[in-house]
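The values are calculated or read from the model by the stated rules, or taken from the named source; none is laboratory data. Since the structure is predicted, the reported quantities are computational estimates derived from the model, not experimental observations. Because the Cβ atoms are built from the backbone with ideal geometry, glycine has one as well, and the counts that use them run over all protein chains shown.
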Amino acid sequence: MVNQDRIRVVIDGTEVSVRPDAVVLEAAMEAGVYVPYLCYHPGMKPFAACRLCLVQEQVEVEVEREGGVVVEQQLRPATASCTLPVRDGMVIMTSTDNVRDLQHGVMDMLISEHPHGCLTCHRVELCGPQDICQRHVSVNDRCVTCPKNERCELKDSVRFLGMDLNSPLSYKTRGLDLQIADPFYDLDYNLCIVCGRCVRVCDEIRGDSAITFISRAGRSLVGTSRGTSLLQSGCEFCGACVDVCPVGALVEREHKWDKAVKVERTICPECPVGCQLNVEVNKREKLIRVIPEINAPANKGQACFKGKFGLEYVNHKEKLSQPLIRNQGELQAVSWDEALKYISEKLRLYKGEQFAAIASSSVTNESAYVFQKFARIAMNSNHVDTDANSRPSLTRALGKALGYPASTNPVWDLENSKCVMVIDANVTEEQNVVAVPIKKAVRARKTKLIVIDVREVELTHYADIWLQPRPFTTPYLLAGILRYVLDEGLADTPFIESKCEGFDDLYKSLERFTLEMVSGITGIEEDNISATAKLFATSGPSSIVYALDNIPDYLQEVNVNAITNLALVTGNIGKPFAGLYALQRGANQQGCLDVGCSPDLLPGYQKMDESPGQHAIQSVWGQRAPRMHGKNLRDILAGVKEGVIKSALLLGGKTNHWEEEFGESDEVLKKLDFLVVHDTFLGSVGKFADVVLPATTFAEEDGTYTNLERRIQILTKSIVSKKGNAQPAWSFISHLANEMNIPGFDYAHSSQIFEEIASVIPFYAGISHKRLIDESVVTLRPDPINPQPTQMLYSDRVSQGLQWPCFDLDDEGSIRLYQSGFPDHKALLFPLVLKLSPKPTNKEYPFLFIPGRVLAQWERDVEVIRIDGVNHIQREELLEVNPIDALDLTLNQGDPVEINGKGWHMSAAVFITERSYPGSVSMTTLFGEVATKAHLDTAKNARLDIHGLYIESVSVRKIDL
Amino acid sequence: MTKAYNALFESALEHHEVLDSKLKINVGMAICGEAAGSFEVMEAIRHEVIAQGLDAVVSEVGCLGLCYAEPLVDIQFPGKPRLFYGNVKPENLPSLKQIRVKGKNIPLATLGTPGLPGIPDLYDLPMMIRQVRIALRNVGHIDPTDLHQYIARGGYKALDTALTEMTPDEVIEQVKLSGLRGRGGAAFSTGTKWSFLKSSKASEKYILCNAEEGDPGAFNDKGILESDPHTLIEGMLLAGYATGANYGYVFIRHGHDGPIRRTQIAIEQAYKSGLLGKNILGTGFNFDAEMSLVGESYVSGEETALMEAIEGKRAMPRYRPPFPAAFGVWGKPSNINNIKTLAYIPEIISKGGNWFSEIGVGGSSGTAILCLSGNIKRPGMVEVPMGLTMRAVVEELGGGVPTGKVKFLQTGGPLGGVLGANKLGVKLDFKAMSDAGAILGSGGIIVANESVCAVDMTRLLVAFCQYESCGKCFPCRLGTTHLLEILERMCRFESIPSDMDLMQVVGKEMASASLCGHGQLGFNPVQSALDYFGQEFKIHIEEGRCQTGSCDINFITPTRTRR
């Protein structure tokens, strides 16, 4: 970063200044000189295997000649530039005859085992798959039948090197079967060049090591690390291997041979990480492939199975295209005008407290803002919330203690944290890319990992310490850790004294949380509590990643307080690599709350009283919002049940976020007199709604998302649907408001809305669509006609987005919060008031069922069976039961049992172990089952519906054989 | 001298005196002995001892180097010279009651004065007479599982001296003075290598001892480990002290049970006696050592692949720089030495670097530890001063080929290539060997007589290189495969004249572009065979016949050619 540290290198006559720790290959890219390579990939350590990126260094040598010593320029032997460190004043030649000879030699050998009949053909770009080939290249060996034909680095490199391919080396294909039974992507190892990119990305970046090199020498190839199927080897189906494959060996199965006509950069709508994705769109305006952006700040080229393979629903033919109105029990297609007129007439009847508005947490900031504005000033109701806000304390308690209700640091700070504590979060499945820096750092032995979760989630397999507190007792455990930290002098006292308030009350409240007491309640041994406290407090900059999975609502706020307290007393706030990460669920949950989708806070978290902020909003809106606090999601549902709320507007009919916590919400919503749903598909709620409006998908609109790093990033309208009239929420709401004669909704474009957002939210004030677009930087220096990894090819510009607070146009945003202190000068330490809850007893379902899910359990065999050409995991699941309960139920080791929950049942074999607490039973299943199900869903173009890991009440019954 | 060492030494002497008062029977139980049947011999002797009610100490010893005479039994009656009996079988056990010099069981040699008339002294045997034993000073003489015997013969004295009287720099200085060069193949100056590690400021540094020794025909590393493991441990300790490293790994392929077991025992003994672990000999020096076992992989003997293997990864070489002295095992600075190199260190420290440098010839000081095998009368392990000619080694020590004439030698492992009979005059000297187009390498010498076909031998060597290519870098993975395919064609007489050029093209590519030595030297066996026996290749291609007839049989060589 610092310029004076850079050193100068001359590449083919071009002088360039580079980082001192760069290698020559990077310097060449910087200089705009193309050096061919196949195994190198940016973002990964060099591998030095393909030996294509050879260069020669020119050095001055003193030579004795007649008449004395003369200095001569000599070329050193060719070396691989991907591993050659730069030196100041180095002179490099990249295309000497020697280098080209050697590159041709490597390539000759390489294509002796890769089909290449088309490479020297002048028709290579003209030929169709079924054309008669006068050169007798068999159909299987043709480039045109290779799904990677457009982006094949091998083909491009051969052509870059200008080879005539007349090598006498004998050609042999491997003759292997295609592997097409595993989810999501096809493997054709006949095309593999064994560059190892896939193996390395899986190991080095993802920390999974699901694939590995197998055999050696002429037979070395890539295969699964265990078993024969990826389902057995611990694959998380993130697709990183597919993204880096230079040839056609690994390809996405859907739209395998489709060609892209354009590539657009947008943001993934699946979770709050905010991964930038490059989406390939074909000529029929279908989204055919997703390549995560390598220079994106939040995901650095990574994605997960949801983002990479789960967006197929965008192309679904059953997407709603027309508004539907229920007429005599049947939904009938109408025009937008008719629909809006109808809605406006109906909604007039429900103004005020009878109306509620629930936004999907994956709508854009613009839509969310217009939505809450509509509810507040058109419908005069503050009953506004988002569908993912079932845990309001998640960020809100952060805001109370620190100032801003948001995570403090960027995701990739986790890679450099000395210790990471993950609390009650299923990161790998729900906010996948957050797990990537954690796993990467743990695998590189840079970071210690503490996991606090009673469930066996994926990250527990990477943890140095895994604590399994009894269900619902996490806050007690945190209190115990806090007290130990303070008692043992592990706290950052200067930080507490200068930057925190309320220490004495906190300390007093911790009095009763002795190790003994906490150990008794949580079931964690005292030594483990103290070891955890020591590790977290003494490792250096440490981070906490938390969700509130399975924390009952009456404990959620105190749980977050305990987490914040722990970060504060150890001084892990307001500095690099020491962050607090609140894991929301919806892609734009942060943004929705920021712009006011909240029952008691206006945009920018302004209170509803007579504050200056409220006045500012009032002056922009021309009207003030109702004064009474509205109901949140939980209370809205209760209100509907009681009949207080009679009408609702829902953005997104995807209620799966809340069903798990609120039960039968669909049944409750049926009670509404008038329900309007804006959704992409006719979902479960739409089926009984009075009006269903067609919504655009994330790929069909522009706007912004705010991710969990507070990073505002811009979505691009990637697909233009030729048919259908779907509209983004902000658009139809504006029309609706106009129809209802409400002023202040004249928006022509989402950027206009963002300008209004910036004018009412001080910490968004410096941000605009224009800035987000203009400040993206062009990065690709080598000529894009040269062979490039796909991710490089698509990364023609880097867009960092802007992280709020960003107060004016000169403000570059805030990468980390509180680095220069807290907004209210001091952070608040809240005393921990914890009531022991009575143990819920349920005669029908006496046990707590604790589900777990991991990528692999090496200690157990897994069988994979093929049904209709699709691999499925088949194994008997084990139900872990405490010996005491086993005695009660007269269960012996291995007995078959039936588990009954509300509305489901399954069978398993009993595994009696002390690991399970009395009264709870646990079962860990494999992610592979989810992957297969998700794969079948995407094949049907349906949205992924992954069942979360929720603790439920069940009964257990022995099956008599 | 430290108190702790003194106590160890006293108790070792005491132990030695007890041993001296008894009948001592040593049976050679190294790989060579075990292959020749020493298990049965051992059992028969134990049986005899019990049957005859003898007060005897029966021990397993390692390899004396006279592998041709295995199973070798060495008997010493109290106060009498040691008697070495060769090729002992259970049915012709030597007498355990008295010394006999007539009849069937005549000792091969004796050791100690007075000797026996008509029986040569051990060191006057033709295989021994020109040897100078430094690293092999204890092999076959001590029970490798008995620390006392090692200490009684002066073991760990050098460590004690270094720890009490020398600074680490002085230790390195002595090693530099000795001119010792690495015996693993690359022949880099050991002292210089140590000073690289010494200069690293890291708190965690490693000494790695490479006993992978995958070369066919090389068994001296394993020979030292199973005959005298404490020499290695002492060498590692000295290396650790000199370089400031506190951890050591002995790296060996799994399955070599003798060397592994005995080294493991030696490490445990050293820990118990305060020679490993914390506060060694009470001097405050700490050093921990453990064994690291690896699967079958030739390339894991390459230094960076070895580090990957220790870390539990697939044994594939890393790129350099960074070099091991900066980024070694677990990413920490490391120094890697061959066992033979480390086995010299105790003697160098005891007797001084100058003493060592006077042995051998300039540029190649000290001795060469060689393994003789193949078509030779006396296969075995020898240690001779550098500068001796190959002819002397093969003909005087090894006794020459049993039938016919020497056709070529295969030295330094498969990558070393072959040395034609006309080069037998070459001296054992790093420079002279490389000038002759061969390498000393790990010290294996396989002798071939005229019944061996050069093409077939080349195919075998390339098959080995190909089978063992780790598959990482393209030139080696594909180059060895193509070379092997071409050579197999030649041996089947299906080759065409242009194949000779094709091999050169592939070979040049491998030599210039490969990542590690395996690929860079992978063409050596072909090139050297072409140099000496180009005519034979021509006959195979042009006349479609093999002079020796060995190419006419089906290949049974394991290969990993393309599917």
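When A:Leu583, A:Leu601 are screened for being among the aliphatic types (A, V, I, L, M), in contact (Cβ under 8 Å) with a residue 24 or more places away in the chain and surrounded by 21 or more Cβ atoms within 10 Å (Cβ to Cβ), only A:Leu583 passes.
Restricting the stretch B:1-53 to residues that are in contact with a helix residue (DSSP H, G or I) (Cβ under 7 Å, 6 or more places away or on another chain) and among the aromatic types (Phe, Trp, Tyr) leaves a set whose member that is farthest from B:Leu147 (Cα to Cα) is B:Tyr5. The C-beta contact set for the stretch B:514-536 (first residue within 14 Å of another protein chain (Cβ to nearest Cβ), second residue polar (S, T, N, Q) and assigned to a helix (DSSP H, G or I), distance under 6 angstrom, 6+ apart or interchain) comprises B:Ser514/B:Gln520; B:Gly522/B:Thr480. Looking only at the stretch A:165-184, residues that are within 12 Å of another protein chain (Cβ to nearest Cβ) and at positive phi come to 1 in all. The number of residues in the stretch A:632-679 being more than 27 Å from A:Ala339 (Cβ to Cβ) and modelled with pLDDT of 75 or more comes to 6. For B:Lys472, state whether it is at the interface with another protein chain (Cβ under 7 Å from one of its Cβ atoms) and of a type in the set (D, E, K, R). Criteria met by B:Lys472.
Of all the strands (runs of 3 or more DSSP E) wholly in the stretch A:354-464, which have at least 1 residues that are within 17 Å of the chain's Cα centre (by Cα) and aliphatic (A, V, I, L, M)? Result: A:419-423. Specify the residue that is surrounded by the fewest Cβ atoms within 10 Å (Cβ to Cβ); the eligible residues are those in the stretch A:60-89 that are within 14 Å of chain B (Cβ to nearest Cβ) and assigned to a strand (DSSP E or B). Only one residue fits best here, namely A:Pro85. Quick check, is A:Val247 in contact with a Lys or Arg (Cβ under 9 Å, 6 or more places away or on another chain), away from chain B (no Cβ under 14 Å), closer than 30 Å to A:Met109 by Cα and among the β-branched types (Val, Ile, Thr)? So A:Val247 fails the test. Which of the helices (runs of 4 or more DSSP H) contained wholly in the stretch A:477-564 include at least 1 residues that are closer than 27 Å to A:Val427 by Cβ and among the aromatic types (Phe, Trp, Tyr)? Output list reads A:526-538. Kindly check whether there is at least one residue in the stretch B:480-501 that is buried (at least 21 other Cβ atoms within 10 Å of the Cβ), over 25 Å from B:Leu409 (Cα atoms), within 14 Å of chain A (Cβ to nearest Cβ) and hydrophobic (A, V, I, L, M, F, W, C). Among the residues of the stretch B:480-501, not one is buried (at least 21 other Cβ atoms within 10 Å of the Cβ), over 25 Å from B:Leu409 (Cα atoms), within 14 Å of chain A (Cβ to nearest Cβ) and hydrophobic (A, V, I, L, M, F, W, C), which makes the answer no. Applying the condition of being touching a strand residue (DSSP E or B) at 6+ places or on another chain (Cβ under 7 Å) and surrounded by fewer than 24 Cβ atoms within 10 Å (Cβ to Cβ) to the stretch B:304-318 and asking which residue is nearest to the other protein chains (Cβ to nearest Cβ) yields B:Arg314. The residues on offer are A:Ala695, A:Ala737, and the sole one that is crowded, with 23+ Cβ neighbours inside 10 Å, in contact (Cβ under 8 Å) with a residue 60 or more places away in the chain, among the aliphatic types (A, V, I, L, M) and under 30 Å from A:Gly801 (Cα atoms) is A:Ala695. Please work out which residue is nearest to A:Lys346 (Cα to Cα), limiting yourself to the stretch A:389-407 and to residues that are in contact with a Gly (Cβ under 8 Å, 6 or more places away or on another chain) and crowded, with 24+ Cβ neighbours inside 10 Å. The qualifying residue nearest to A:Lys346 (Cα to Cα) is A:Ala406.
In the stretch A:535-555, the qualifying residues are those that are within 28 Å of A:Cys597 (Cβ to Cβ) and more than 24 Å from the chain's Cα centre (by Cα), and the one that is surrounded by the most Cβ atoms within 10 Å (Cβ to Cβ) is A:Leu555. One residue is enough: does the stretch B:127-140 have a residue meeting the conditions touching a strand residue (DSSP E or B) at 6+ places or on another chain (Cβ under 7 Å) and over 30 Å from B:Glu396 (Cα atoms)? No, the stretch B:127-140 contains no residue that is touching a strand residue (DSSP E or B) at 6+ places or on another chain (Cβ under 7 Å) and over 30 Å from B:Glu396 (Cα atoms).
A:Ser95 - would you say it is in contact (Cβ under 8 Å) with a residue 40 or more places away in the chain, within 12 Å of another protein chain (Cβ to nearest Cβ), within 30 Å of A:Asn149 (Cα to Cα) and of a type outside the set (Phe, Trp, Tyr)? In short, no. Among the residues of the stretch A:628-647, the ones that are aliphatic (A, V, I, L, M) and within 35 Å of the chain's Cα centre (by Cα) come to 5 in all. The single condition from (1) over 39 Å from the mean Cα position of the chain (by Cα); (2) more than 9 Å from chain B (Cβ to nearest Cβ); (3) assigned to a helix (DSSP H, G or I) that A:Met109 fails is (2).
For the stretch A:135-157, what are the residues that are in a loop (DSSP other than H, G, I, E, B), free of Cβ contacts under 8 Å to residues at least 60 places away in the same chain and surrounded by 20 or more Cβ atoms within 10 Å (Cβ to Cβ)? Scanning the stretch A:135-157 gives a single hit, A:Arg142. The residue of the stretch B:192-223 that is surrounded by the most Cβ atoms within 10 Å (Cβ to Cβ), among those that are touching a residue at least 60 places away in the same chain (Cβ under 8 Å) and either part of a helix (DSSP H, G or I) or not assigned by TED's automatic domain parsing to the domain that holds B:Ser292 (or both), is B:Gly223. For the stretch A:217-228, taking the residues that are in contact with a helix residue (DSSP H, G or I) (Cβ under 8 Å, 6 or more places away or on another chain) and modelled with pLDDT of 90 or more, the one that is farthest from the other protein chains (Cβ to nearest Cβ) is identified as A:Val222.
Yes/no matrix, rows are residues, columns are (1) at pLDDT below 90; (2) within 12 Å of chain B (Cβ to nearest Cβ); (3) closer than 24 Å to A:Lys300 by Cβ; (4) touching a helix residue (DSSP H, G or I) at 6+ places or on another chain (Cβ under 7 Å):
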site: A:Glu26; (1), (2), (3), (4): no, no, yes, no
site: A:Glu30; (1), (2), (3), (4): yes, no, yes, no
site: A:Val33; (1), (2), (3), (4): no, no, no, no
site: A:Leu38; (1), (2), (3), (4): no, yes, yes, yes
site: A:Pro42; (1), (2), (3), (4): no, no, yes, yes
